[in-house]
Amino acid sequence: MKFKLFKKDGSSAEDRDIENFPSLDEGKGVDALRQCILAVRANKRQGNASTKTRDEVSGSGKKIYRQKGLGTGRAGDKRAIQRTGGGVAFGPKPRSYNQKTNTKVRKLALTRALVDHASDGAISLIEDWAPETHKTKDFLNLLVSIGSTKKTLIIDDLFEKNTTLAARNLKKVKLSKAIEVSAIDIISADLVICSLKGMSTILNKLNTVHSEKS
C-alpha cells in the first residue's frame, strides 16, 4: 500500500510503500467496528437516571376517598402511579452500561478502520513530528501545507513538548500515541497523519491479527 510522504517541514516527498500494511476482504471487520463504536459510546454513559417507585414516594398511604358514595371511583392513596406526584412504574434506576470488547475484536476493528481510510486516501505519512517552535500558528501552517483542513488525527510514538503545546488549542486536531490509537479515533478523523515510527508501532500492534490471517 502506497501513502503520501511528507518531510518534517511539510514539503512533499516521494510516496512510501508500506509492504506489510494489512488488507481485509470486503465486509470483514465491519461488525467488529460497529461493536467497538457502540461499546465506546455506551461506556461514556453515566447511568445515573433514577425514578421513585410507589413505595419510595413520600406521603401518607391513607385512602384519599371513601370507597362508596362520592362518585369518584375506587381511589387508593396519592402515591399511586396514575396520580400526579405519584410513583413511576418500570422507570429507570442507576445501572452500568459498560460493555466489554475482546482484544481480537478491537484489533480487527482497528484494522478495518485503517484499511477503509487508506483506501479513501485519508492516511498520510510524515517523516517525524518535530516542530521547531511551540507556536500554534506555525503548527497550523504545517498542517495546511500537508493538506489538512478538517478533523485531523496526528499519530506518533511519542510527542515532543513543542508538538503538544502547538496543537492543544486546535479544536479539529487530536494527538494520539500509536500504541493507544483506537478504531473510533481513526473513523472520527477526516485525515490521519502518522509518523513513520508511529505507523511501524501500529503494524506491530496488529501483528497478531496478521499472523492469524496468514
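The values are calculated or read from the model by the stated rules, or taken from the named source; none is laboratory data. Here the structure is a predicted model, which means the values were calculated and not measured. Note that we place each Cβ from the backbone using ideal geometry, even for glycine, and neighbour counts take in every protein chain shown.
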For this session: Within region 1-53, track down each residue that is of a type in the set (A, V, I, L, M, F, W, C) and assigned to a strand (DSSP E or B).
Result: 3, 5, 6
For this session: Please indicate, with yes or no, whether at least one residue in region 14-33 is free of Cβ contacts under 8 Å to residues at least 40 places away in the same chain, surrounded by 13 or more Cβ atoms within 10 Å (Cβ to Cβ), within 29 Å of residue 179 (Cβ to Cβ) and in the same structural domain as residue 195 (by TED's automatic domain parsing).
Result: yes
Problem set entry | Restricting region 152-188 to residues that are crowded, with 20+ Cβ neighbours inside 10 Å, in contact with an Asp or Glu (Cβ under 9 Å, 6 or more places away or on another chain) and small (Gly, Ala, Ser), the residue that is nearest to residue 117 (Cα to Cα) | 178
Exercise. Looking at 68, 44, 62, 52, which is the one that is among the charged types (D, E, K, R), within 39 Å of the chain's Cα centre (by Cα) and either loosely packed, with under 11 Cβ neighbours inside 10 Å or within 30 Å of residue 105 (Cα to Cα) (or both)?
Worked result: 44
For this session: Check 75, 13, 80 and return the single one that is touching an Asp or Glu at 6+ places or on another chain (Cβ under 8 Å) and over 25 Å from residue 185 (Cα atoms).
Result: 13
Exercise. Residue 107 passes all but one of (1) outside any helix (DSSP H, G or I); (2) within 28 Å of residue 27 (Cα to Cα); (3) among the charged types (D, E, K, R); which number fails?
Worked result: (1)
Exercise. Yes or no: residue 132 touching a helix residue (DSSP H, G or I) at 6+ places or on another chain (Cβ under 8 Å), surrounded by 15 or more Cβ atoms within 10 Å (Cβ to Cβ) and acidic (Asp, Glu)?
Worked result: no
Exercise. In region 124-170, how many are of a type in the set (Val, Ile, Thr), in a loop (DSSP other than H, G, I, E, B) and farther than 22 Å from residue 3 by Cβ?
Worked result: 1
Problem set entry | Flag if residue 200 is farther than 19 Å from residue 17 by Cα, assigned by TED's automatic domain parsing to the domain that holds residue 111 and not aromatic (Phe, Trp, Tyr) | no
Problem set entry | Pair list, Cβ under 7 Å, 6 or more apart: region 93-113 residue touching a residue at least 12 places away in the same chain (Cβ under 8 Å), other residue surrounded by fewer than 12 Cβ atoms within 10 Å (Cβ to Cβ) and in a loop (DSSP other than H, G, I, E, B) | 94/48
